[in-house]
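The values are calculated or read from the model by the stated rules, or taken from the named source; none is laboratory data. On a predicted model such as this, the values are computed, not experimentally measured, just so you know. All Cβ positions, even for glycine, are placed from backbone atoms using ideal geometry, and neighbour counts span all protein chains on display.
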Amino acid sequence: MSKKVITSLLTLPVELVYRILDNLDELSILLSIRNVCTRLNAITDTYHRYQTMSALDLKFRKIHDQTIKCLVTVLHTNKTLTTLDLAQNYISIEGAQYLMIFLKINTILTILHLNWNKIGTEGVQYLANALYKNTTLKVLDLGGNCIGDEGARYLANALKNNTTLTALILCENRITAEGAYHLANGLRDNTVLKILDLAHNRIDNETTQLIANALQNNTVGHILPIYYVFIIIAQCRH
C-alpha cells in the first residue's frame with residue numbers, strides 16, 4: 001500500500017477506515033494495515049473481523065518465504081487465530097525457519113496446514129524443533145513436502161517430548177521403512193498422538209505393524225478411536 005494511501009488513512013475517521021477494511025481480505029489487512037503505525041493498529045484491534053479471526057485460509061495464494069516472514073511478524077500479537085491453512089504455496093526452508101520462530105512462542109494456534117509446499121528435509125528440521133517448545137499445536141499437516149526418511153527422523157525425535165500434537169499428516173513424503181521405523185520409535189514414548197497418516201509412502205506390512213504396536217501406548221487425548229488410527233496406517237501400504 002502506497003505512502004499516500006497510508007497518509008490518507010491516518011486522517012480518516014475510524015468509521016471510514018472500517019469501511020475500507022470491509023473491502024480488504026484478511027491477508028491484505030494483516031500485511032498492509034497492521035504494524036504500520038499505532039493508530040492503525042488501534043483501529044484494527046477494534047475492527048470486528050480482526051477481533052473474531054479464528055481461521056485464516058491462505059491456500060493457493062502463491063505465498064513465498066518473505067511473505068511468511070511478514071505474516072508471522074504481524075501474527076505475533078494475535079490472540080484469536082487457531083487455524084492457519086498455508087497449503088499449496090511456495091514455502092521452503094527459509095519460510096519453515098520463520099514458522100519455527102513463530103510456533104516456539106505462539107500459544108493460540110492449534111491447527112497448521114503446510115501440505116504441498118517445498119519444505120523438504122532441512123525445512124522440516126526447523127518445524128520439528130518448534131515441536132519441542134510449542135504446547136498448543138494439535139494438528140500438523142506436512143503432506144507432500146518430500147521430507148524423506150531423515151525428515152521423519154527429526155519429527156520422531158520431537159514426538160518423544162511433545163505432549164500436545166494429536167494428528168500428524170505425512171502422506172506422500174517419500175518415507176520408506178527406515179523413516180517409519182524412526183517414527184515407531186518416537187511413538188513408543190508418546191502418549192498423545194492419535195492419527196498418523198502415512199498414505200502413499202513406501203512402507204511394508206511389517207513396518208506398518210511396528211507403528212501400530214507403538215501406537216498402543218497412546219491412551220490420552222482421543223480425537224478418534226484408536227482402531228481408526230490403525231485403519232489409517234493400514235492404508236499406507238504402497
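Restricting to segment 6-35, name every residue that is in contact with a helix residue (DSSP H, G or I) (Cβ under 7 Å, 6 or more places away or on another chain), among the hydrophobic types (A, V, I, L, M, F, W, C) and within 22 Å of Thr67 (Cα to Cα).
Once the filter is applied, which keeps residues that are in contact with a helix residue (DSSP H, G or I) (Cβ under 7 Å, 6 or more places away or on another chain), among the hydrophobic types (A, V, I, L, M, F, W, C) and within 22 Å of Thr67 (Cα to Cα), segment 6-35 yields Leu21, Ile29, Leu30, Leu31, Ile33.
Any residue at all in segment 157-173 that is within 19 Å of Asn115 (Cβ to Cβ), assigned to a helix (DSSP H, G or I) and touching a helix residue (DSSP H, G or I) at 6+ places or on another chain (Cβ under 6 Å)?
The answer is yes, given that some residue of segment 157-173 is within 19 Å of Asn115 (Cβ to Cβ), assigned to a helix (DSSP H, G or I) and touching a helix residue (DSSP H, G or I) at 6+ places or on another chain (Cβ under 6 Å).
Among the residues of segment 94-126, write down those that are among the aliphatic types (A, V, I, L, M), farther than 16 Å from Cys171 by Cβ and either outside any strand (DSSP E or B) or outside the structural domain of Leu84 (by TED's automatic domain parsing) (or both).
Hits for segment 94-126 are Ala96, Leu99, Met100, Ile101, Leu103, Ile105, Ile108, Leu109.
What are the residues in segment 62-77 that are in a loop (DSSP other than H, G, I, E, B) and buried (at least 16 other Cβ atoms within 10 Å of the Cβ), if any?
Hit for segment 62-77 is Ile63, nothing else.
Of all the residues that make up segment 170-206, how many are among the β-branched types (Val, Ile, Thr) and surrounded by 22 or more Cβ atoms within 10 Å (Cβ to Cβ)?
2
Do we have Ala130 as over 24 Å from Glu26 (Cα atoms), under 11 Å from the mean Cα position of the chain (by Cα) and either small (Gly, Ala, Ser) or surrounded by fewer than 23 Cβ atoms within 10 Å (Cβ to Cβ) (or both) here?
Criteria met by Ala130.
Residues checked against (1) within 30 Å of Asn41 (Cα to Cα); (2) in contact with a Leu (Cβ under 8 Å, 6 or more places away or on another chain):
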| position | (1), (2) |
| --- | --- |
| Gln97 | yes, no |
| Trp116 | no, no |
| Thr121 | no, no |
| Ala130 | yes, yes |
| Cys146 | no, no |
| Leu159 | no, yes |
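Answer yes or no as to whether Tyr50 is assigned to a helix (DSSP H, G or I) and surrounded by 13 or more Cβ atoms within 10 Å (Cβ to Cβ).
yes
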